[in-house]
1. Taking every residue in B:79-92, how many Cβ atoms of other protein chains lie within 10 Å of its Cβ, on average?
2. Can you give me the angle between helix B:127-138 and the longest principal axis of chain B, using Cα atoms only, in degrees from 0 to 90, rounded to the nearest 10?
3. Given the rule -39500 (n - 2.57) for each run of at least 4 DSSP H residues, summed and divided by the residues of the protein assembly as shown, what is its mean residue ellipticity at 222 nm, to the nearest 500 deg cm²/dmol?
4. Evaluate the relative contact order of the range A:117-204 (contact order divided by residue number), counting alpha-carbon pairs under 8 angstrom at least 6 apart; express in whole percent.
5. Quick one: with label points 7 Å out along Cα→Cβ, list the inter-copy distances for B:Arg226 in nm, shortest first?
6. On a 1.4 Å probe surface of the protein chains, which of A:Asp174, B:Asp77 comes out largest in accessible area, and what is the full order?
7. Show me the three semi-axes of the equivalent ellipsoid for the range B:34-170, from the C-alpha gyration tensor (sqrt of 5 times each eigenvalue), largest first, rounded to whole Å.
8. Considering only the label points, 7 Å along Cα→Cβ from Cα, what distances in nm to one decimal separate B:Arg51 from the same position in each other copy, shortest first?
Number of protein chains: 2
Amino acid sequence: MRPVTTPAADPEKPEPDAAPPRSRAGAARRERGEQTRQLILETALRLFRERGYTETTMRAIAKEAGVAVGNAYYYFDSKEHLIQGFYDRNQVVHRAAVAPLLATERDFAARLRGALHAGIEANQPYHSFAATFFKSAAEPTSPLSPFSSASSPAREAAIAIFRDVVEGSDAKVDPELRAALPELLWLSWMGVILFWVYDSSPDQRRTKRLIDGAVPLVDRLVSLSRLRVLRPALRQVLALIKDVQRDD
Amino acid sequence: MRPVTTPAADPEKPEPDAAPPRSRAGAARRERGEQTRQLILETALRLFRERGYTETTMRAIAKEAGVAVGNAYYYFDSKEHLIQGFYDRNQVVHRAAVAPLLATERDFAARLRGALHAGIEANQPYHSFAATFFKSAAEPTSPLSPFSSASSPAREAAIAIFRDVVEGSDAKVDPELRAALPELLWLSWMGVILFWVYDSSPDQRRTKRLIDGAVPLVDRLVSLSRLRVLRPALRQVLALIKDVQRDD
DNA sequence: CCGCCTCCTTGAACGCGTTCAACTAGTGAC
DNA sequence: GTCACTAGTTGAACGCGTTCAAGGAGGCGG
């Protein structure tokens, strides 16, 4: 079985997994390898979509892609590593979905609400097996963990969305809080995702209610951050965060 | 699955985990079965402790217990189900560890802090492979999920600890908040556990700092709950919680 | 042209969790 | 006593993710 070449594969796509900086080997061979890599990844994601994650076997992916099962392991350390591609894709979808809103709307609450809803919507089609993905992501040692270094780029991209939410808004935010806010909002977003994964209500209505209910509270809280009376409390909270992040 | 035949003889779905209340079968046999069950569970937990979860195979458990591998599956639906026993055990340890403090101390912050630290301490010896357990627990469909119905007894027991923390304290708490507080504290406890699982600092110092830093804030927040100005905000928060819990 | 190095590919094999048809033996009904 | 019933037990077998020794095949120095 000869590997089938994909019609239009981007040869300069940066490799999301461990990309060994090969020195002076043949360029043509590398290109073919990259094609195989993309072929396997795309086939895997398609099958995940069609059948779900656990129901898709590595053998099925290999067969469908027309390669040997061992070949998939040449490009991806494990079945879980294939999920990273899924994350990257959804990240892009999320970003694109909020872009129009963030370009026009200036109200902080509206921006935040929009970002959260867009994020949920981007993931909606995959809710049924997002739980399985989540299971992998939950393991701290897993490269799929949102806190892992392997996920750093995706995490930074997600935080960037919330930075945009904050900085593009007309909200008056305490400057000390302003710096920490994007990451805090991202953390809240992780919480929403966690809730969403567990949410078995039809159309995940409860998650939407959670967002709609929590956003005004967050908005209020952020506004209050500038009150002089609350300064000490805010300082205390920020100090705690910094203290907890200290890595020793 | 269970042995074949007799769908009519035993109309009630037999509980896979907890001791099944079989109606009129032989008592001696049931007793022997219960012994086998305990033997398998204890052997499994011992091996988990000695070698870690993933490194312990079902075959090893069966061999060490002197039974066939299929026998373990007669009593436990899966390898993961064996973990529930671990949870129950730790629950008891946690409870016992806080009991002396809760019997004497009356200050809310001190009680809460004690409960959290005791909980972390009870889990400390298992931190290295708690991550693996956590991976299983994180899957919403898993019976090990802290939100699953299978975990209800353990969850209720855990919430009871925090109810004790609240009710045995001399803190003046808004009555509306008082009712919801134990569950909220339990939820925070889940957050602490989540943080702890991810905490790779030596001796999980960061988790301890998190507790020590967060408890005063919670204490302050609880005290403020009685202020008239904050009533509307409190109401809003409680309403959100209720709204989100609504299951439709 | 020839080796040779390296990237790429192969599929059998391994150990795992899990299943299942078959078997054993204690129990209750007659 | 006997016999049907069934909780309890067995271990081979299945399909899975993963590994690995072996084998191409393109490019480069000679």
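The values are calculated or read from the model by the stated rules, or taken from the named source; none is laboratory data. These numbers come from a predicted model, not from an experiment. Note: ideal-geometry Cβ built from the backbone for every residue, glycine included; neighbour counts use all protein chains shown. Heads up: the accessible areas ignore ligands, DNA and RNA and are worked out on the full protein's heavy atoms, side chains in. Shrake-Rupley method; radii C 1.70, N 1.55, O 1.52, S 1.80 Å.
1. That average works out to 0.
2. So the inclination is approximately 80 degrees.
3. Computed ellipticity for the protein assembly as shown at 222 nm equals -22000 deg cm²/dmol.
4. Reported relative contact order: 24 percent.
5. 3.3
6. B:Asp77, A:Asp174
7. For the range B:34-170, the semi-axes come out at 32, 15, 13 Å.
8. List, nearest first: 3.1 nm.
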